[in-house]
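In what follows, a single structure is set out as structure tokens and then discussed.
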2 protein chains.
Amino acid sequence: MVTLQGEASDPANQNWLPCANVTITNPLITDSSNLILRLEMGDPKLFVPYWKMMSDKCSVVIEGWKFMSHESDASNVCQYLLPELGDAIKRIHSLVHNAAIQDKHIIVGTGSTQLFHAAWFALSSSDSVRPINIVSAAPFYSLYLDGVKALRSGLYQWAGDAATYDKDEPYIEMVTSQNNPVVRSASQGKLIHDFAYYWPQYTPITHHADHDLMLFTFSKCTGHAGSRIGWAIVKDIEVAKKMVHFIQVSTIGVSKESQIRAAKILGVVCDSYQSLGPKESEHFFDYGKRLLRERWDRMRQVIGQCEVFTVAKPSSAYCNFTKESFETNSAFAWVKCEGGIEDCGTYLKNLGILARPGRLFGVGPEFARISMLSTNDEFDELLTRLLNARREYN
Amino acid sequence: MVTLQGEASDPANQNWLPCANVTITNPLITDSSNLILRLEMGDPKLFVPYWKMMSDKCSVVIEGWKFMSHESDASNVCQYLLPELGDAIKRIHSLVHNAAIQDKHIIVGTGSTQLFHAAWFALSSSDSVRPINIVSAAPFYSLYLDGVKALRSGLYQWAGDAATYDKDEPYIEMVTSQNNPVVRSASQGKLIHDFAYYWPQYTPITHHADHDLMLFTFSKCTGHAGSRIGWAIVKDIEVAKKMVHFIQVSTIGVSKESQIRAAKILGVVCDSYQSLGPKESEHFFDYGKRLLRERWDRMRQVIGQCEVFTVAKPSSAYCNFTKESFETNSAFAWVKCEGGIEDCGTYLKNLGILARPGRLFGVGPEFARISMLSTNDEFDELLTRLLNARREYN
């Protein structure tokens, strides 16, 4: 019973902590952009201090004449994949044991965002007269909806919440939570498992995931969002080839500089765990898990004190990687405004907190998503502002 | 009368050198992949030796904690553009004087490929019930056609050769040649100028281009194709915003590592020309122009000798950058098989040369496109193989 993708399992079905009604009057902080705490995105800034600490081990030097070709290995299905990155991806999965990679194809993308577009392309049929439906259980990742709607593809279309999908026709389902895969029909549904957050700092590693098409991202694994590196682990070579074709016609491959740097940093994480010498510093996933645990403890304390919001009770499970049970440390807090507050996003904005409103994720306006991955200063300020809601109430 | 985009002005309308008929029998080189010279892509490998020579000036060092956020400057229309790259792009255009950039918006993409997709998205209307037509004068860049056809967008569709387009409805035209912009109607047509090859190693810089939407790519400017960095110079802020939106939903920005490296290398090119000290080595554009000139001289000599193929006579113009007149050194040779040879691509393949066939560019099968940007060894081998056609003929 763990939660991936940071989207928490459906908050509407969770136990929410009781909270008193409030009336919004005279917001304490005005909606001025220089005062707003921008926590609507998931930029994982909280890991920066770790990588500063590890700086001497992680630097990459790229000479002027290196990586000039857009190809890497013409014999690979993914011709533009640097072998160094392919090896590092195999190594990190072998360390964490979160995904079965043997006899599968690694397809690198410009972030996992490009890869879910590529996967939709690969799993739809160019012969079909009707676009295939894409569904995902709410609260789904808002960029699935934004991506499908903006691009107006003739190959696929958005069909909403997987929980309410009842059409007797083929569909693609984006599965983001282990405990909530609303699989309608094995014969008609093609599943894409978005495992962005299936790393031990966020959630217990309960099993060695082995699905047809799994997505991971460097951004959430180590916090290097600026590199725009994601990877898909794909079983069927024809699907893999179609994904590569999509990436070729969209961007002719993926930045080599980002690939070599991702290879280096994933390698440093593996080295740290596999080193036989004395432990020089805390290992990355342990560091990340401790930091997120501390943040969640403080967050729950403040939410409990402020009596305006509730957050879902986290699930707990035994983690095969850390060899202990722990509660999920979601990358995002799904907060719910209680009582008379109808629009949680607007209420938070009046407190100076920019969150992403629930409606973008297919849930009600009483919900909003707040990033838990901000800098330490931003996180401290978030807690102060959430407490302002209590002062306002009293 | 210069040619950009390497696609040469329409070969069907050019003067072709006379060539005798040949009969293909018993090809000298079999179609075995390890013997095939792959010259169907435009990977600019010929510039690698220059960047090896400049290696000590061009290295970038990226520490583990740098560039972790996918944003750069929230106040910029292009939030993910690194200011260092924006400055370098302004500087290189100011040096070469090939594009008017003042009061325009710089939008960075994962190669110019992502940018022409973004431009199509931005120039089409999400309200329109019918997709807008995209045209380009043949021989157009084959990836325009591949990109439009593969993705099956509901926003735009391929409408073929601009020269034969006669519909009285809105369209987007990809303009790749200065001497052949088949502009149908100023009121209905939206132009995208693809200036991939408007740099002084390829073509005389005849004017300071000043259009609504111009595309450039690091790949062809300096030869760093592996970085996947392109930039658009956009006049209208609403178009710029829509392009950024496209890139956000497609890849959430562009690799920071590639951006900082592109900034460094463009800076080194500018430094070299603007240095007041003694000239330490040949400047990049001079080096590239000399190399391409030498290749074209040898190529024409071989084509003349082999009597099987023809190539178009290049145009010549005064270059404001180099302060001299010179003939265009196209990045690709458009070769035409003469006499009884109907399929130039297959004929070349039988000689062990993989070229891209004319039909992919909207011209006849008697044409094929061969990259002039290969390594020195590959180029020498190309000439040897072209001469084989003569031996076969004799």
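The values are calculated or read from the model by the stated rules, or taken from the named source; none is laboratory data. Values in this document were obtained by computation on a predicted structure and should not be read as measured data. Neighbour counts run over all protein chains shown; Cβ positions are idealised from the backbone, glycine included.
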*Please state which of the following conditions residue B:309 fails to meet, knowing it meets all the rest: (1) more than 23 Å from the chain's Cα centre (by Cα); (2) modelled with pLDDT of 95 or more.*
(2)
*Within the bounds of segment A:317-331, is there any residue that is crowded, with 16+ Cβ neighbours inside 10 Å, within 29 Å of residue A:149 (Cα to Cα) and not small (Gly, Ala, Ser)?*
no
_Quick check on segment A:214-236: of everything there that is within 7 Å of chain B (Cβ to nearest Cβ) and in a loop (DSSP other than H, G, I, E, B), which residue is farthest from residue B:81 (Cα to Cα)?_
A:223
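Considering only residues that are within 9 Å of chain A (Cβ to nearest Cβ) and over 15 Å from the mean Cα position of the chain (by Cα), which ones fall in segment B:125-147?
Step one: list which residues in segment B:125-147 are within 9 Å of chain A (Cβ to nearest Cβ), which gives B:126, B:131, B:143, B:146-147.
The answer is B:126, B:131, B:146, B:147.
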*Among the residues of segment A:282-294, is there at least one that is within 13 Å of chain B (Cβ to nearest Cβ), more than 30 Å from residue A:355 (Cα to Cα), at pLDDT below 95 and over 19 Å from the mean Cα position of the chain (by Cα)?*
no
_So for segment A:257-271 (the condition being more than 14 Å from every other protein chain (Cβ to nearest Cβ) and in contact (Cβ under 8 Å) with a residue 60 or more places away in the chain), does at least one residue qualify?_
yes
*State all residues of segment B:37-81 that are more than 9 Å from chain A (Cβ to nearest Cβ) and closer than 24 Å to residue A:263 by Cα; if no residue qualifies, say none.*
B:81
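Report, by residue number, each residue of segment B:284-329 that is in a loop (DSSP other than H, G, I, E, B) and either out of contact with any Leu (no Cβ under 6 Å at 6 or more places or on another chain) or not assigned by TED's automatic domain parsing to the domain that holds residue B:369 (or both).
If the condition is that a residue be in a loop (DSSP other than H, G, I, E, B) and either out of contact with any Leu (no Cβ under 6 Å at 6 or more places or on another chain) or not assigned by TED's automatic domain parsing to the domain that holds residue B:369 (or both), then B:307, B:308, B:313, B:314, B:315, B:320, B:321, B:322, B:323, B:328 are the ones that fit.
Within segment A:330-354, restricting attention to residues that are assigned to a loop (DSSP other than H, G, I, E, B) and farther than 19 Å from residue A:304 by Cα, which residue is farthest from the chain's Cα centre (by Cα)?
Of the residues in segment A:330-354, the ones assigned to a loop (DSSP other than H, G, I, E, B) are A:330-331, A:338-343, A:351-352.
Subsequent filtering for residues that are farther than 19 Å from residue A:304 by Cα retains A:331, A:342-343, A:352.
Numbers: A:331: 8, A:342: 27, A:343: 24, A:352: 24 Å.
For segment A:330-354, the residue satisfying everything is A:342.
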*asked:* Suppose we filter A:257, A:173 for residues that are in the same structural domain as residue A:131 (by TED's automatic domain parsing), of a type in the set (Asp, Glu) and within 22 Å of the chain's Cα centre (by Cα); which single one remains?
replied: A:173
*Given (1) among the aliphatic types (A, V, I, L, M); (2) under 18 Å from residue A:223 (Cα atoms); (3) at pLDDT below 95, number of the condition residue A:138 does not satisfy*: (2)
